[in-house]
Amino acid sequence: GPGGGSDKPELDPAAEDSLFVVEGELVLRVSDQQHAMVPGSFAYIPPQSQWTVRNEGGDAVRFHWIRKAYQYVDGIEFPEAFVINEQDIDPTSKPDTDGKWATTHFVDTDDMRHDMHVTIVTLEPGAVIPFAETHVMEHGLYVLEGKAVYRLNQDWVEVEAGDYVWLRAFCPQ
C-alpha cells in the first residue's frame, strides 16, 4: 500500500531475487542506485546485495517477487543487478507459429551466470504451441492477461488473467 516497503526485504545472503511490477510504482534501491519501477519493469538482484523497496506513491503496487538460493558454479561470478522494462526488449518469435507465439527474455539465455530466468510469453489470439514442451527445471506461470487452455501432463486446464500454475520438471505442457 501507499507508504509501504522494506529496508531489508531479503535476509538470506545466499538468495537471489527478481521483481516484476504489474500495477503501480515501486521505488527500488540497490546499493547506491535508485530505480522507479512501473508496470512491466523487471529487476534482478544478485545474492549478498543490499536493497530496499518503497511505495512512495498514493496507489497500491502489485508486483511478483521471486527468490531462490543462488547455485554457485566454481569459476563463474554471480551477475550484477539490473532493472529493465519489457517495453525495451524485442520479443523473440518462435518458429512455425506465424509470429503468434513470442518470448520476451529479461536475461540473456547464453549468460551462464544466471541460474534463474523470468520471461514473458505472448500468445496472440488463436495461437497454438505446436508441440508438447518440457523443461528440465520446475517453473511457474502467471497469466498477465487474457484467457487460454493449457495442457498439463494429459489434462487441459483453462487459465485466465491472475491465475498461477506451478509445473514440476519434465511436465509435458
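General remarks:
- Qualifying positions in the range 96-140 - out of contact with any helix residue (DSSP H, G or I) (no Cβ under 7 Å at 6 or more places or on another chain) and assigned to a strand (DSSP E or B): W101, A102, T103, H105, T119, V121, T122, L123, H139, G140
- Check on K8, among the charged types (D, E, K, R) and under 23 Å from D110 (Cβ atoms): no
- The lone exception for N55 - which of (1) open to solvent by 40 Å² or more (accessible area, probe 1.4 Å); (2) touching a Leu at 6+ places or on another chain (Cβ under 7 Å); (3) farther than 23 Å from H117 by Cα it fails: (1)
- Residues (touching a Ser or Thr at 6+ places or on another chain (Cβ under 7 Å), part of a strand (DSSP E or B) and open to solvent by 30 Å² or more (accessible area, probe 1.4 Å)) located in the range 4-51: G5, S6, R29
- Check on F82, open to solvent by 30 Å² or more (accessible area, probe 1.4 Å), in contact (Cβ under 8 Å) with a residue 60 or more places away in the chain, on the phi < 0 side of the Ramachandran plot and not aliphatic (A, V, I, L, M): no
- Filter result (open to solvent by 60 Å² or more (accessible area, probe 1.4 Å) and aromatic (F, W, Y)) within the range 138-158: Y142, W156
- Matching residues, the range 111-146, being among the charged types (D, E, K, R) and free of Cβ contacts under 8 Å to residues at least 24 places away in the same chain: E145
- Of the candidates F170, F106, the single residue that is within 25 Å of E23 (Cβ to Cβ) and either of a type in the set (A, V, I, L, M, F, W, C) or open to solvent by 60 Å² or more (accessible area, probe 1.4 Å) (or both) is F106.
- Pairs with Cβ under 8 Å, 6+ apart, first in the range 148-166 and of a type in the set (D, E), second surrounded by 10 or more Cβ atoms within 10 Å (Cβ to Cβ) and part of a loop (DSSP other than H, G, I, E, B): E160/V143; E160/G146; D163/V143
The values are calculated or read from the model by the stated rules, or taken from the named source; none is laboratory data. Note that the structure is predicted; figures quoted are calculated from it, not measured. Glycine gets a Cβ as well: all are built from the backbone with ideal geometry, and neighbour counts include every protein chain shown. All accessible areas refer to the heavy atoms of the entire protein, side chains included, with ligands and DNA or RNA removed. Shrake-Rupley method; radii C 1.70, N 1.55, O 1.52, S 1.80 Å.
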